[in-house]
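*Asks:* Got a structure here, written out as structure tokens. Questions coming.
The values are calculated or read from the model by the stated rules, or taken from the named source; none is laboratory data. Predicted, not measured: the structure shown is a model, and the values here were computed from it. Using ideal geometry, Cβ is built from the backbone for each residue, glycine included, and neighbour counts are taken over all protein chains shown.
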Amino acid sequence: MNTILITGGTGFIGSHTCVVLLNAGFNLIILDSFINSSEKVLDNICELANIKDINQTQRLIVYKGDFRNKKILNLIFSDAELKNNNISCVMHFAGLKAVGESNFKPLSYWDVNVSGTINILKVMEQYKCNNFVFSSSAAVYGGLNNNPNEDSIARPENPYGETKLTVEKILRNLYFSSPNKWRIVFLRYFNPIGAHESGLLGEDFNNDATNIFPDICKVALGKKKFLKVFGNDWPTPDGTGVRDYIHVMDLADGHFQAMQYLLRNKPQVVCLNLGTGVGTSVLELIRIFEESNSCKVPYLISHRRIGDVACLIADNKLAISKLNWFPKRDLKKMCQDSWNWNKKNPNGYE
Ligand code: WQD
């Protein structure tokens, strides 16, 4: 049976992916520091994967720790070896991901996102685990191209995007250092939103969340008076920023299919855009959210946010052609599932 190591498995995208993998029959090992997530997520993952008791199962084993700690990584791999459950692939979700914050804490972002990933790769090499799925980001593109494909110029405009692009370069160097050994895919996410339709998993509120969707939900819940719309003078149809919003479950399915692709094919390094190919402006998003959920989201037009780009929509043709994958859920479903999660969990997991 294939055992997969998931770093950051209780985070927003990691937790939804864990449910997909468990229900596909994989055994999982989660390594998470829980600095950015709640241990309550584990109970909900178990409920959605029909695991009765997390302490009695071999389907899901959890280690609490930081992936920069080589000791814990060695413990995880050696424990798996002792149980003859060798880790066949690592899915690396853990990392720092607040674009705005990265401008003020570059050293933390370079240490966690780059040095930490090098740490994992070194331990993987030691234990002859050479299959790696990496969470990259559309932030690597910057604002040069409204509709980038994987060969488009990548020119990040913030330290967060720089760290993601740097890891991608390291992964290419690693692959070409021994081309018949490594199977590596990096997935460039666009704008993940939504929640598991059960309402058991979703995007947790945290004070430094800068993404738009947690804020839209807070305003709709009455926890904030209004949403700030960062600029209505962009070169877009209604002047507000256009993004490619993708349902977190479509993203989770994309990770599963990308891993299946790796495990079934020859060693290679692959870069894939995971987006819907559909652009939605901020004002359109607000309108669709209000219509989908029969609620109001008051907003005020504010100045542009530093580091923002006007428009970023995925050219997702390569992912669709290579993987047995297609983003199935539309924006209405994203809004409804997110609202369902937020109504059931007005204070997130706590
Ligand atoms: C979306 C749009 C804002 C907040 C970043 C990363 C990306 C991914 C998602 C990790 C923009 C506007 C936002 C608000 C607003 N993260 N906005 N009011 O910046 O597109 O992407 O997060 O992988 O890699 O780059 O996401 O949700 O912050 O912004 O008007 O309060 O909403 O200007 O047009 P972004 P976002």
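*Asks:* Criterion first (within 11 Å of the ligand (Cβ to nearest atom) and of a type outside the set (Phe, Trp, Tyr)) does Leu263 satisfy it?
*Replies:* On the way: within 11 Å of the ligand (Cβ to nearest atom): no; of a type outside the set (Phe, Trp, Tyr): yes.
Taking the combined requirement at face value, the residue does not satisfy it.
*Asks:* I need the full set of residues from the range 19-61 which are outside any loop (DSSP other than H, G, I, E, B), in contact with a Gly (Cβ under 7 Å, 6 or more places away or on another chain) and either touching a residue at least 40 places away in the same chain (Cβ under 8 Å) or surrounded by fewer than 17 Cβ atoms within 10 Å (Cβ to Cβ) (or both), in order please.
*Replies:* Scanning the range 19-61 gives Leu31, Asp32.
*Asks:* Shifting gears a bit: Any residue at all in the range 150-163 that's over 18 Å from Tyr261 (Cβ atoms), of a type outside the set (Asp, Glu) and away from the ligand (no atom under 14 Å from the Cβ)?
*Replies:* The initial filter retains those residues of the range 150-163 that are over 18 Å from Tyr261 (Cβ atoms), namely 151-163.
Restricting the remaining residues to those that are of a type outside the set (Asp, Glu) gives 152-156, 158-161, 163.
Filter once more, keeping what is away from the ligand (no atom under 14 Å from the Cβ): 152-153.
Yes, the conditions are met somewhere in the range 150-163.
*Asks:* Considering Asp233, Asp244, which residue is under 22 Å from Val99 (Cα atoms), more than 8 Å from the ligand (Cβ to nearest atom), surrounded by fewer than 21 Cβ atoms within 10 Å (Cβ to Cβ) and modelled with pLDDT of 95 or more? Explain how you work it out, then say what you get.
*Replies:* Working: Asp244 fails: surrounded by fewer than 21 Cβ atoms within 10 Å (Cβ to Cβ).
Answer to the check: Asp233.
*Asks:* Also, quick follow-up: Report the residue count in the range 287-307 for those that are in contact with a helix residue (DSSP H, G or I) (Cβ under 9 Å, 6 or more places away or on another chain) and either over 23 Å from Thr236 (Cβ atoms) or surrounded by fewer than 17 Cβ atoms within 10 Å (Cβ to Cβ) (or both).
*Replies:* First pass over the range 287-307, keeping only residues in contact with a helix residue (DSSP H, G or I) (Cβ under 9 Å, 6 or more places away or on another chain): 288-293, 295-299, 305-307.
The next check asks that each one be either over 23 Å from Thr236 (Cβ atoms) or surrounded by fewer than 17 Cβ atoms within 10 Å (Cβ to Cβ) (or both); those that pass are 290-291, 293, 295-296, 298, 305-306.
Number satisfying all stated conditions: 8.
*Asks:* Mind listing just one residue for me: the one in the range 141-191 that is under 20 Å from the mean Cα position of the chain (by Cα) and among the small types (Gly, Ala, Ser) and, of those, modelled with the lowest pLDDT?
*Replies:* The extreme case among them is Gly142.
*Asks:* While we're on this one: List pairs: first residue in the range 311-322 and under 14 Å from Val140 (Cα atoms), second residue aromatic (Phe, Trp, Tyr) and within 16 Å of the ligand (Cβ to nearest atom) anywhere in the structure, Cβ distance under 6 angstrom, at least six positions apart or on different chains.
*Replies:* Pairs that qualify, where the first residue is under 14 Å from Val140 (Cα atoms) and the partner is aromatic (Phe, Trp, Tyr) and within 16 Å of the ligand (Cβ to nearest atom), are Ala314/Phe190.
*Asks:* So which helices (runs of 4 or more DSSP H) are wholly in the range 83-128 and hold at least 1 residues that are free of Cβ contacts under 8 Å to residues at least 60 places away in the same chain? Let's see the steps before the verdict.
*Replies:* Working: elements: 99-102, 106-109, 116-126.
Qualifying helices (runs of 4 or more DSSP H): 106-109, 116-126.
*Asks:* Here's another thing I want to ask about it. Return the residues of the range 286-326 that are of a type in the set (A, V, I, L, M, F, W, C), farther than 30 Å from Val270 by Cβ and in a loop (DSSP other than H, G, I, E, B); say none if nothing qualifies. Working first, answer last.
*Replies:* From the range 286-326, those of a type in the set (A, V, I, L, M, F, W, C) are 286, 288-289, 295, 297, 300-301, 306, 309-314, 318-320, 323, 325-326; that's our starting set.
Within this subset, residues satisfying the condition of being farther than 30 Å from Val270 by Cβ are 286, 288-289, 295, 297, 300-301, 306.
Selection gives Cys295, Val297, Ile306.
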